[in-house]
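The values are calculated or read from the model by the stated rules, or taken from the named source; none is laboratory data. This one's a predicted model, so the numbers in the text were calculated from it and none came from an experiment. Quick reminder, even Gly has a Cβ in these numbers, built from the backbone with ideal geometry, and neighbours come from all protein chains shown. Ligands, DNA and RNA are excluded from the accessible area calculation, which covers all protein heavy atoms including side chains. Shrake-Rupley method; radii C 1.70, N 1.55, O 1.52, S 1.80 Å.
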Amino acid sequence: MGVTGPPGPVMDRDEVDRALARLGAEHEAIETSLLALQDHAGRRLLEGAELTGVTKERWASAEASITLLWAYFDAYTATLRGAREIRSRRRWSSREDLMELTELLRGESVTVAGSVVGSAVGTAEAPTLQGMGKLSQSFSLTTLVDRMNELYASSLDMVVTADAVWSALPARIDLLAAELQRTRRLAHSVGVRPGEHPAGDDLERITRTLTSLREQVVSDPLAFWVRAQGSSAPGGGRPDTTVYDREARALDDVRREIDAVLTVRQDAEQRLMRLRDVLSRADRTLAEARAARGEVLAKIAATEVPVVSGPPTVLQEQLAAAAEYRRHAQWHRLSPLLESLEQKADDELLRARESLTAVTQPLAVRAELRGRLDAYKAKIARHGLAEDPFLIERYDAARRMLWSAPCDLRVAEQAVLRYQQAAAELLTAPRVPEQGGLEDRRGEQ
């Protein structure tokens with residue numbers, strides 16, 4: 001839509017002809033825009049929809065604006081037609097004709113009936129005319145075009161916005177709803193149902209939300225529009241997909257949960273067998289720890305041996321429940337129970353191994369002392385000192401302590417240390433020429 005030139009003195013013939021040509025082109029552009037608005041798919045949808053909320057309010061105003069637009073356009077057309085008729089009277093227009101044409105083209109020559117303007121609810125002109133009781137109102141062509149531009153822009157913005165939301169959201173909601181139905185059927189086949197599994201409850205909630213969302217989008221599309229900051233162009237913005245995106249993410253979470261349930265159905269027996277094996281190994285390890293504790297109490301004196309607890313019966317009960325779930329194809333119950341049991345079984349096996357290690361620690365200490373004693377004896381023998389009476393005495397004392405029951409580890413360790421010290425002294429003592437032996441540095445015994 002264009003704008004006519006500014007008013008001025010009486011126009012000459014060339015100015016009139018140029019103005020009429022400009023106004024004719026402008027008339028065609030306005031008509032084309034109005035017809036495009038009239039045929040716009042969004043406008044046809046708005047006319048046939050049962051609207052609510054902000055869309056209902058804005059569409060009532062937009063309909064009045066479109067009605068007023070056509071009234072203005074008709075008045076504009078009539079004024080242009082009258083100007084063309086005056087210009088066509090003579091090839092060389094008289095001064096009277098030129099004065100009349102100047103008034104038509106630059107003055108407030110366009111008259112619109114007050115009843116037409118007053119019926120346009122929501123426009124700026126209606127209260128003015130009604131309040132003043134005017135039967136009609138006059139505009140210049142410039143003012144009239146400006147008002148048509150404003151009404152056209154606001155009406156087109158409303159139509160384009162509604163059409164953009166309707167073109168984007170309902171189709172996406174329908175696709176998500178179709179995926180939701182497929183997911184519900186799959187969930188039902190594996191026992192994920194409302195009231196029995198959280199994912200089943202989530203599917204019901206998503207279904208209700210999508211149904212409500214679609215109804216709201218269809219009846220009130222403008223409530224789901226985010227206008228672009230600083231944009232004045234019609235339809236500047238984007239559909240608000242916040243609710244849709246949230247439910248799409250929730251459906252993805254449910255699908256992952258169902259995939260986990262399906263995985264459980266495929267490898268449930270293998271996982272149950274592994275659980276039985278882990279718990280059996282834990283039981284055997286605890287039994288070994290209890291037997292080792294008795295041996296330690298009999299063979300090691302003056303030491304504290306931790307008590308070994310029995311296997312927890314609750315794990316066996318849960319394992320039996322898991323097997324029962326598998327037998328009855330209750331995969332949605334089996335999935336979380338298996339995950340919990342696997343962690344608990346691994347923890348139980350670790351606890352049993354730690355108990356065995358703690359119980360057998362005194363035996364390990366005794367074995368280490370025995371090994372150390374024999375290692376030093378072998379080292380002494382390699383240096384030709386195996387027959388030294390003092391070392392033999394110290395060795396025999398330490399050996400009796402380590403190979404007798406019950407063994408006092410603290411006393412035995414001191415005996416081994418004394419043997420090590422005596423052996424170290426002999427190995428570092430200087431040799432004497434007599435018989436190639438070593439100087440006796442121990443003194444009188």
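In table form, for the structure just shown:
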read-out	value
Check on GLU413, over 60 Å from the mean Cα position of the chain (by Cα) and open to solvent by 60 Å² or more (accessible area, probe 1.4 Å)	yes
Check on SER309, at pLDDT 90 or above and surrounded by fewer than 16 Cβ atoms within 10 Å (Cβ to Cβ)	no
Tally, over the range 277-331, of residues that are within 30 Å of HIS197 (Cα to Cα), in a helix (DSSP H, G or I) and not β-branched (Val, Ile, Thr)	16
Close pairs from the range 343-368: first within 21 Å of GLY310 (Cβ to Cβ), partner of a type in the set (Val, Ile, Thr) and outside any helix (DSSP H, G or I), Cβ under 8 Å, at least 6 apart	SER355/VAL308; VAL359/VAL305; VAL359/VAL308
Single unsatisfied condition, ALA386 versus (1) part of a helix (DSSP H, G or I); (2) under 28 Å from VAL416 (Cβ atoms); (3) not β-branched (Val, Ile, Thr)	(1)
Boolean, LEU391 is surrounded by 12 or more Cβ atoms within 10 Å (Cβ to Cβ), modelled with pLDDT under 85 and in contact with a Pro (Cβ under 7 Å, 6 or more places away or on another chain)	no
Scope the range 61-73; condition open to solvent by less than 60 Å² (accessible area, probe 1.4 Å) and over 18 Å from THR143 (Cα atoms); matching residues	SER61, ALA62, ALA64
Within the range 220-254, tally of residues that are in a helix (DSSP H, G or I), of a type outside the set (A, V, I, L, M, F, W, C) and open to solvent by less than 70 Å² (accessible area, probe 1.4 Å)	5
Unmet requirement for GLY191, which otherwise passes all of (1) open to solvent by 60 Å² or more (accessible area, probe 1.4 Å); (2) in contact (Cβ under 8 Å) with a residue 60 or more places away in the chain; (3) on the phi > 0 side of the Ramachandran plot	(1)
Residue within the range 198-213 that is more than 30 Å from LEU315 (Cβ to Cβ) and in contact with a Gly (Cβ under 6 Å, 6 or more places away or on another chain) present	no
Those residues of the range 270-291 which are open to solvent by less than 100 Å² (accessible area, probe 1.4 Å), among the aliphatic types (A, V, I, L, M) and within 16 Å of ALA322 (Cβ to Cβ), in sequence order	LEU272, LEU275, VAL278, LEU279
Condition met for ALA49 (closer than 27 Å to PRO221 by Cβ, open to solvent by 20 Å² or more (accessible area, probe 1.4 Å) and among the small types (Gly, Ala, Ser))	yes
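Results for (1) open to solvent by 60 Å² or more (accessible area, probe 1.4 Å); (2) at pLDDT below 85; (3) under 30 Å from TRP403 (Cα atoms), shown as yes or no for each residue.
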residue: ALA298; (1), (2), (3): yes, yes, yes
residue: VAL314; (1), (2), (3): yes, no, no
residue: LEU319; (1), (2), (3): no, no, no
residue: GLU324; (1), (2), (3): yes, no, no
residue: LEU337; (1), (2), (3): no, no, no
residue: ASP346; (1), (2), (3): yes, no, no
residue: LEU349; (1), (2), (3): no, no, no
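Here is a yes/no grid of residues against (1) surrounded by fewer than 20 Cβ atoms within 10 Å (Cβ to Cβ); (2) in a helix (DSSP H, G or I); (3) modelled with pLDDT of 75 or more:
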| site | (1), (2), (3) |
| --- | --- |
| ALA75 | no, yes, yes |
| ARG81 | yes, yes, yes |
| TRP92 | yes, no, yes |
| GLU100 | yes, yes, yes |
| LEU105 | no, yes, yes |
| GLN130 | yes, yes, no |
| TYR152 | no, yes, yes |
| VAL160 | yes, yes, yes |
